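Enquirer: Can you keep this structure in mind? I'll have questions shortly.
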Amino acid sequence: MADDARPFRPEALPMKPILELTPEELPGEGYRKAQIAHWLYARGVREFSEMTDLPRGLREALAQEWRISEFALVEAYPSRDGSVKYLFTLLDGKKTEAVYMPYENRKTVCLSSMVGCPAGCTFCATGALGFGRNLTAAEILDQLLAIAYHQGISPREIRNVVLMGMGEPLLNLTNVLKAVRTMLHPKGLAMSPRRITLSTVGIPRGIYRLAEEDLGIRLALSLHAPDDETRKKIIPTAHRYPIAEIMEAVRAYYAKTKRRVTFEYTLLQGLNDHPWQARLLSRLLKGLSAHVNLIPFNPWPGAPVKGTPKAGILAFAEELKRQGIPTSVRFSRGQDVGAACGQLALRTPQALTFKPLPEDAGR
């Protein structure tokens with residue numbers, strides 16, 4: 001087996017990841033657990049020495065046994081539109097990315113669940129990387145915490161999370177759900193489940209499990225074509241999971257949760273942007289509480305596809321609306337630094353800012 005295919009063994013590292021623990025599992029007795037949780041998730045500290053209301057002996061003991069950071073290095077690439085792409089070097093040397101998107105009334109982060117991605121979607125630069133490994137729950141959580149730290153804000157100021165970065169979340173669902181539970185926990189990040197969205201290319205068994213877990217988070221399905229023939233040209237995994245099987249799982253999810261499902265659809269010129277495909281998509285969604293997000297293709301070097309021109313995007317949207325399907329066009333942010341939807345590929349544009357973590361963060 002090649003070195004880069006070996007599974008990551010976090011237990012082989014010298015200290016244990018404290019972010020893998022639930023707030024109830026944190027070290028310390030009684031109210032000390034709540035104090036540590038507050039420092040981690042409300043104050044966002046990166047070193048135990050900063051937890052100043054803990055006894056010195058406890059701080060020193062924590063630093064000997066546990067680590068807070070899951071990253072050896074953090075690089076930030078700000079975009080002209082205010083978003084920031086973050087490139088994280090993990091403790092085993094592999095890399096992943098996340099995106100910070102501040103808006104007037106909210107702060108959003110797009111988090112990764114893997115190094116690379118096995119789905120291989122033709123329009124996605126991440127898919128061209130192939131699959132590296134799953135991220136641990138701690139690595140998923142720490143993307144948000146590290147972003148908050150480098151933005152100089154409390155982690156709890158970030159109220160929107162989209163699991164739409166690198167990877168297929170439903171193929172790493174155990175770790176993803178563990179991270180999400182800490183996001184939702186009142187002593188963790190105390191987030192609303194309605195503000196967490198999980199995006200999947202369509203893994204039926206994962207959709208069924210997500211319905212059974214019923215954490216209240218939102219589901220977004222990256223459909224990208226209403227017919228199997230077209231979808232197989234765009235998404236290699238479509239050969240394994242036909243649309244009928246995926247939609248059966250989605251309908252079971254909706255029947256169980258009664259929550260609206262978002263359908264993501266990247267428009268590719270001459271491939272999935274015909275009026276008949278818009279009409280077929282509308283028939284596919286009949287009976288569901290659904291919303292379609294049309295996503296203009298964000299170009300990247302070597303991409304084998306071209307995006308639909310703006311006029312074609314608007315025409316496709318109007319056809320869906322005529323069929324009674326709620327539809328919006330989602331223009332991605334961060335194109336100039338490779339942070340837009342489908343562009344995450346570990347590429348490093350000229351860094352406008354660079355902030356390493358504290359020297360002992362990766363011990």
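The values are calculated or read from the model by the stated rules, or taken from the named source; none is laboratory data. These figures come from a predicted structure and were not determined experimentally. All Cβ positions, glycine included, derive from the backbone under ideal geometry; neighbour counts span all protein chains shown. Note: areas computed on protein heavy atoms with side chains; ligands, DNA, RNA excluded. Shrake-Rupley method; radii C 1.70, N 1.55, O 1.52, S 1.80 Å.
Enquirer: Consider residue 178 carefully, then state whether it is touching a helix residue (DSSP H, G or I) at 6+ places or on another chain (Cβ under 7 Å), among the charged types (D, E, K, R) and open to solvent by 10 Å² or more (accessible area, probe 1.4 Å).
Expert: Here the answer is yes, as residue 178 does meet what is asked.
Enquirer: Of the conditions (1) in a loop (DSSP other than H, G, I, E, B); (2) open to solvent by 40 Å² or more (accessible area, probe 1.4 Å); (3) at pLDDT 95 or above, residue 54 clears all except one; give me its number.
Expert: Unmet condition: (2).
Enquirer: Does residue 227 fit the bill of being in contact with a helix residue (DSSP H, G or I) (Cβ under 8 Å, 6 or more places away or on another chain), among the acidic types (Asp, Glu) and farther than 25 Å from residue 141 by Cβ?
Expert: yes
Enquirer: Could you count how many residues in region 192-220 are of a type outside the set (Gly, Ala, Ser), at pLDDT 95 or above, open to solvent by 10 Å² or more (accessible area, probe 1.4 Å) and in a loop (DSSP other than H, G, I, E, B)?
Expert: Of the residues in that region, 1 qualify.
Enquirer: Hey, another quick one. In region 56-72, is there at least one residue being aliphatic (A, V, I, L, M), in contact (Cβ under 8 Å) with a residue 12 or more places away in the chain and under 14 Å from residue 142 (Cβ atoms)?
Expert: Within region 56-72 (the criterion being aliphatic (A, V, I, L, M), in contact (Cβ under 8 Å) with a residue 12 or more places away in the chain and under 14 Å from residue 142 (Cβ atoms)), the answer is yes, since at least one residue qualifies.
Enquirer: Across region 128-152, which residue is surrounded by the most Cβ atoms within 10 Å (Cβ to Cβ) among those that are of a type in the set (A, V, I, L, M, F, W, C) and out of contact with any strand residue (DSSP E or B) (no Cβ under 7 Å at 6 or more places or on another chain)?
Expert: 140
Enquirer: Quick one: what pairs do we get from region 187-204, first residue within 15 Å of residue 144 (Cβ to Cβ), second part of a helix (DSSP H, G or I) and among the hydroxyl-bearing types (Ser, Thr, Tyr), C-beta under 6 Å, 6+ apart or different chains?
Expert: Qualifying pairs under 6 Å: 188/41; 188/182; 189/41.
Enquirer: Given the condition in contact with a Phe, Trp or Tyr (Cβ under 9 Å, 6 or more places away or on another chain) and modelled with pLDDT under 95, answer yes or no: does some residue in region 277-286 qualify?
Expert: No: region 277-286 contains no residue that is in contact with a Phe, Trp or Tyr (Cβ under 9 Å, 6 or more places away or on another chain) and modelled with pLDDT under 95.
Enquirer: Would you please name the residue that is surrounded by the most Cβ atoms within 10 Å (Cβ to Cβ), looking only at residues in region 221-277 that are among the basic types (Lys, Arg) and out of contact with any His (no Cβ under 7 Å at 6 or more places or on another chain)?
Expert: Among residues in region 221-277 that are among the basic types (Lys, Arg) and out of contact with any His (no Cβ under 7 Å at 6 or more places or on another chain), the one surrounded by the most Cβ atoms within 10 Å (Cβ to Cβ) is 259.
Enquirer: Just checking, does region 304-321 include any residue being at pLDDT below 50 and open to solvent by 60 Å² or more (accessible area, probe 1.4 Å)?
Expert: So far as region 304-321 goes, no, none of its residues is at pLDDT below 50 and open to solvent by 60 Å² or more (accessible area, probe 1.4 Å).
Enquirer: Confirm whether residue 187 is in a helix (DSSP H, G or I), out of contact with any strand residue (DSSP E or B) (no Cβ under 8 Å at 6 or more places or on another chain) and charged (D, E, K, R).
Expert: Here the answer is no, as residue 187 does not meet what is asked.
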